[in-house]
Amino acid sequence: MNTDQIKKIRADFPILTEKVYNKDLIYFDNAATTQKPRCVVEKIEQSYYHSNANIHRGTHYLSIIATEAHEAARSAVAAFLNAGKREEIVFTRGTTEAINLVATSFGEAFCQAGDEIIISVLEHHSNIVPWQMLCERKKMKLRIIPMNDKGELNLSVYAALLNEKTRLVSVAHVSNVLGTVNPVAEMIQIAHERNIPVLIDGAQAVPHILVDVQALDADFYVFSGHKIYGPTGIGALYGKEKWLNAIPPYQGGGEMIQSVTFEKTTYNELPFKFEAGTPDYIGSTALAEALHYVQEIGIKNIADYEHELLLYATQRMNEIEGMRIIGTADHKSSVISFLVGRIHPYDLGMLLDKLGIATRTGFHCAQPLIDELGIPGTVRISFAFYNTKDEIDTFINALKRVVTMLS
Ligand code: PLP
């Protein structure tokens, strides 16, 4: 994408013209959450002003159009992930809730004492803790795929970890700390050779990589709307129909039922069986708008441009004495974690903030990974397609200043 295109895109994001401590905001915290284009915010406003009514249960006009919008959003998510059927998309509050849903429902149906779940060393807490809770509940074991010095998973150890006790593998498509893009297609294939299902945590992948759940042959694929320019509080679980049919509901309540008596409840069909209570139909509709916005720009264009930013920033950061980039996988997304000399990441982040630059510091919700690396945390910058090389130059100058002050 060229400078004019980026300029046009930036104009869609009003927040990018904000001042922070009287400085131009440079938002490099996109892995935590992305900013929202005007069309997404306007969609929320339009929905509340013109088509708000509870969905699925109403016979009146507003309820019908709100229901249609919510179900059209489901189709949009299905198309975005290339799911085979729209019923394979369950709306959740986000990645975390989707993983908890699978850990609870799949765990209930298919796991027992002595069984094992495999995750990797570079997982976000959201893809660790739900499995740990399941392991505690059912007296199971969590097995961990290790990585090399560059932050790439060791696939031979992974293959050796799979055994007759393994019930499920759950790994991130892209690491939120290291930026590593894991070879998930290959990992799924290896697990499937033993008929073991795989969940892919796509929170950091969908905004940057074209995802095709059928080509991947993923059993479950999850993501959060707010990381792909959509609103907070909405996300999705893709699950193969055969799995979603085979596992029990996650929560009980309205809409997930077919009939209720005090003696017995029967459950609704897919996907409603997993959507208890009033769904976030405003959020789903705004998420569909965000996906449409991204598709208009084109994920391939986004990936190419963000890769350019990644290479440029990496090269410029390496100019700084004492720079240590954490995560140097051959296949990386636009996330750069780093440390400089012995400076504490929190100090770096605090001073960069005072210069208008939003970075993130700490464990990034991946404490076991940070412990494994033996570091106190990192500073992380993460790019979106609205970021620019000029912003990277400003960041480098600011970082040089901050490093001099703290050294
Ligand atoms: N998984 C990964 C890889 C993430 O980066 C995140 C958020 O940072 C999550 C899961 C959790 O996402 P959410 O908080 O939107 O549920």
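Projecting each Cα onto the charge dipole of the chain (Lys/Arg +1, Asp/Glu -1 at the beta carbon, about the Cα centre), which of GLY327, LEU399, PHE274 comes out farthest on the positive side?
LEU399
Most mobile of THR278, THR67, THR104 per a Gaussian network model of the chain (Cα springs, under 10 Å)?
Answer for the Gaussian network model of the chain: THR278.
When the accessible area of the range 41-295 is split by element with a 1.4 Å probe, what percent falls to carbon and sulfur?
Looking at the range 41-295 in its full context, I get 51 percent from C and S.
Is the range 120-215 best put as rounded, prolate or oblate by its Cα gyration tensor, with a ≥ b ≥ c the root eigenvalues, rounded for a/c under 1.5, and otherwise prolate when a/b is larger than b/c, oblate when not?
rounded
So between TYR267 and ASN52, what do we pick up on full extension, going 0.36 nm a residue minus the alpha carbon distance?
Stretched out fully, the TYR267 to ASN52 stretch lengthens by 74.7 nm.
Using only helices, what value at 222 nm comes out for the chain when you add -39,500 (n - 2.57) per DSSP H run of length 4 or more and divide by the total residues, to the nearest 500 deg cm²/dmol?
When only DSSP H runs of four or more count, the value is -12500 deg cm²/dmol.
Suppose R0 equals 51 Å. What FRET efficiency, 1/(1 + (r/R0)^6) with r the Cβ-Cβ distance, do GLU71 and GLN132 give to the nearest 0.05?
0.90
Dipole size in debye (nearest 20) for the range 95-236 around its Cα centre, Lys and Arg Cβ +1, Asp and Glu Cβ -1?
340
Kindly provide the GluC sites (Glu not before Pro) of the range 286-340 that DSSP labels as loop, not H, G, I, E or B, and whose Cβ sees at most 11 other Cβ atoms within 10 Å.
Listed in order of number, the matching sites are GLU319, GLU321.
With springs only between Cα atoms under 10 Å apart, run a GNM on the chain and tell me which of ALA11, ALA205, ALA69 wobbles the most.
Residue with maximal mean-square fluctuation among ALA11, ALA205, ALA69: ALA11.
For the range 39-74 and the range 358-407, what is the centre-to-centre distance using only Cα atoms, to the nearest Å?
40
At a probe size of 1.4 Å, how large is the accessible area of HIS50, to the nearest 10 Å²?
Using a 1.4 Å probe on the heavy atoms, I get roughly 130 Å².
In the range 5-64, if the dipole is taken from +1 on Lys/Arg beta carbons and -1 on Asp/Glu beta carbons about the Cα centre, which of GLN46, TYR61, LEU16 is farthest to the positive end?
The residue sitting most towards the positive pole is LEU16.
In the range 81-117, which residues have a backbone nitrogen under 14 Å from the label point lying 7 Å from GLU164's Cα in the Cα-to-Cβ direction?
115-116, by backbone N distance to the label point.
What is the extension gain from ALA11 to SER156, computed as 0.36 nm multiplied by their sequence separation minus the C-alpha to C-alpha distance, in nm to one decimal?
47.5 nm
Normalising by the residue count of the chain, find the relative contact order in percent from Cα pairs under 8 Å and 6+ residues apart.
Dividing the mean separation by the residue count of the chain yields 22 percent.
Roughly what % of DSSP beta bridges within the chain run antiparallel, to the nearest 5?
Antiparallel: roughly 60 percent of the beta bridges in the chain.
Taking a probe of 1.4 Å, how large is the accessible area per residue of the chain, in Å²?
Counting only protein heavy atoms, the per-residue value for the chain is 43 Å².
What is the chain by shape, rounded, prolate or oblate, if you read a ≥ b ≥ c off the alpha carbon gyration tensor as root eigenvalues and call it rounded for a/c under 1.5, prolate for a/b larger than b/c, and oblate otherwise?
Oblate, since a/c reaches 1.5 and b/c is not below a/b.
Taking the Cα centre of the range 41-295 as origin, work out the dipole magnitude from +1 charges on Lys and Arg Cβ and -1 charges on Asp and Glu Cβ, in debye rounded to 20. If you can, show how the numbers build up before the last one.
On the way: 20 positive and 28 negative charges, 96 e Å.
Here the size comes out at about 460 debye.
Any idea what angle helix 299-317 forms with the longest principal axis of the chain, computed on alpha-carbon atoms, 0 to 90 degrees, nearest 10?
So the inclination is approximately 30 degrees.
What angle do you read, to the nearest 10 degrees and between 0 and 90, between the alpha-carbon axis of helix 389-406 and the longest principal axis of the chain?
70
With axes computed from alpha carbons, what is the tilt in degrees of helix 281-297 against the longest principal axis of the chain, rounded to the nearest 10 within 0 to 90?
Helix 281-297 sits roughly 50 degrees off the main axis of the chain.
The values are calculated or read from the model by the stated rules, or taken from the named source; none is laboratory data. Quantities reported herein were computed from a predicted structural model and do not represent experimental measurements. Cβ: placed from backbone, ideal geometry, glycine included. Neighbour counts: every protein chain shown. Heavy atoms of the whole protein, side chains included, go into the accessibility calculation; ligands, DNA and RNA do not. Shrake-Rupley method; radii C 1.70, N 1.55, O 1.52, S 1.80 Å.
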